[in-house]
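One structure is given below, encoded as structure tokens.
The values are calculated or read from the model by the stated rules, or taken from the named source; none is laboratory data. Treat the numbers as computed from the prediction; the structure is a model and nothing was measured. Cβ atoms come from the backbone with ideal geometry, glycine included; neighbour counts cover every protein chain shown.
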Amino acid sequence: MSITGATTTELLERLERGDLTSVDVTSAYLDVIEKRDGQVKAFLLVDREDALRQAEAVDKKRKSGTAMGALAGVPIAIKDVLCTKGVRTTCASKILENFVPPYDAHVIERLKAADAVLVGKTNMDEFAMGSSTENSAYQVTRNPWDLDRTPGGSSGGSAAAVAAAMSPVSIGTDTGGSIRMPASYCGVVGLKPTYGRVSRYGLVAYGSSLDQVGPFANDVRGAAVVLEAIAGHDPRDSTSLDEPVPSYTESLEQPLRGLSIGIAKEHFVAGLDAEVEKAVRAALDVYRSLGAEIREVTLPHSEYAIAVYYLIAASEASSNLARYDGVHYGHRAEKFNDLIDMYSASRGEGFGAEVKRRIMLGTYALSAGYYDAYYLKALKVRRLIRQDFDKAFADVDVIASPVAPTAAFRIGELVTDPLAMYLSDIYTISANLAGIPGISVPAGMTTNGLPIGLQLLGPTFSEERLLRAARMLEKHTEWHKLRPPV
Ligand code: GLN
């Protein structure tokens, strides 16, 4: 088995046995990046020397007999929205073109403590606003399965990096689907944890009540290993919850006995591509054959999810992005007349079109006179969406659904029609509104060779259950073994 064809667990075992060094592993992945990323464009930054230095340090530590971290010697790619000390962090925005954070995000600290090797920063939609990675100010990432198509977004770079074997695992963020949707489009595993499961300290904020950090991997176990390393309480994020982190890897192979899976009739309606529906139903058949019971549930308020999400996310974004004023950090316009003009010129030059659209939408929804009608109303409907899930999970263990209505769309297909782009989030955003975890696991292929994921949602803190359920499907199907042509 080649190094870059291996799973994270296989790599960890070979590293531990001493069959491979981290320098071997890291250089193998760096070589693939060199070979493929000119086409895929998943990375905004790769520092080969720095990555090899980290790998050497891990190898040296292992030789000295010290106890090693859970990801010792394994390369990992990081979405460019997480602060990395001394390493440029752009959020794929011009406004942060030269921003070098003076500190590491909590997740980065955890990965370093786990002895992972940080290979690079990945491309994304600017400030994570988008579903195709086309909103990056720097480059458009391509789907390794079909270079004319998008990898999904906003964590498209992280998903494509794993799919194209440029890294065995990576980190993304999910505010409305940005881990699960690109995972589905790229044929890899992606998990959005419960809100509060992973600290957001050092994550550049988009929608603070929705944002979560999570893993991509080329198999379920890889996602479990990374989640175990990054989850847990951090007092620097007041929404980080002080709940014990189970060993996700230990229980992974135990199938869930008497598993009950809910399917919502609201998820199987017009707009859902026939091939995607077929793959989801085939996955349900696999679960049925393993003894699971499939039951219908209802999520009556899901029809409002897109509207609610785009009001709340944009409102929070308009407030979060107020900090980019050309004073504290980031881009400052060269020509301006006075202070107010400096703010608006800096922001006007620094932000892209979609970010401006969100800021205007959010500012409008929060403004006096409209606050009650839009923002406050959205918060109330958000609660109803959460209650729908509470009721459903009183009845079933998990809910299965498509991840997105279609497989990967073409680059340029939706980018000029923001509303159509927003609709691609229809199956993922409710989980963020409700704060519950979700996973996307490979579950099929379209006839033209594009991956299809299955989404499993569970109640808060049910990551262990979701990983085990995803593993059941993975174990009895071959989809995750397929590799893209690039
Ligand atoms: N597509 C959604 C948005 O643009 C979700 C993005 C995300 O999860 N970061 O807001």
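Computed values, structure above
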{"read-out": "Candidates Gly196, Gly187, Gly222, filtered to the one that is at pLDDT 95 or above, more than 13 Å from the ligand (Cβ to nearest atom) and surrounded by fewer than 24 Cβ atoms within 10 Å (Cβ to Cβ)", "value": "Gly196"}
{"read-out": "Subset of segment 308-340 [on the phi > 0 side of the Ramachandran plot and under 28 Å from the mean Cα position of the chain (by Cα)]", "value": "Gly330"}
{"read-out": "Which listed residue is in a helix (DSSP H, G or I), of a type in the set (S, T, N, Q) and closer than 29 Å to Ala373 by Cβ, from Ser346, Ser318", "value": "Ser318"}
{"read-out": "Set Thr416, Thr428: member being of a type outside the set (A, V, I, L, M, F, W, C), modelled with pLDDT of 95 or more and within 16 Å of the ligand (Cβ to nearest atom)", "value": "Thr428"}
{"read-out": "Boolean, Pro246 is under 16 Å from Gly458 (Cβ atoms) and under 23 Å from the mean Cα position of the chain (by Cα)", "value": "yes"}
{"read-out": "Test: residue in segment 87-101 that is among the acidic types (Asp, Glu), out of contact with any helix residue (DSSP H, G or I) (no Cβ under 9 Å at 6 or more places or on another chain) and either assigned to a helix (DSSP H, G or I) or within 24 Å of Gly153 (Cβ to Cβ) (or both)", "value": "no"}
{"read-out": "In segment 349-386, the residues that are farther than 19 Å from Ser131 by Cβ and basic (Lys, Arg)", "value": "Lys377, Lys380, Arg382, Arg383, Arg386"}
{"read-out": "Only one of Glu126, Glu97 that is buried (at least 24 other Cβ atoms within 10 Å of the Cβ) and within 25 Å of Ser344 (Cα to Cα)", "value": "Glu126"}
{"read-out": "Pairs with Cβ under 7 Å, 6+ apart, first in segment 217-238 and in contact (Cβ under 8 Å) with a residue 24 or more places away in the chain and outside any helix (DSSP H, G or I), second crowded, with 21+ Cβ neighbours inside 10 Å and among the basic types (Lys, Arg)", "value": "Ala231/Arg197; Asp237/Arg200"}
{"read-out": "Selection from segment 349-374 of residues that are over 19 Å from Gly326 (Cα atoms), of a type in the set (Gly, Ala, Ser) and away from the ligand (no atom under 15 Å from the Cβ)", "value": "Ser367, Ala368, Gly369, Ala373"}
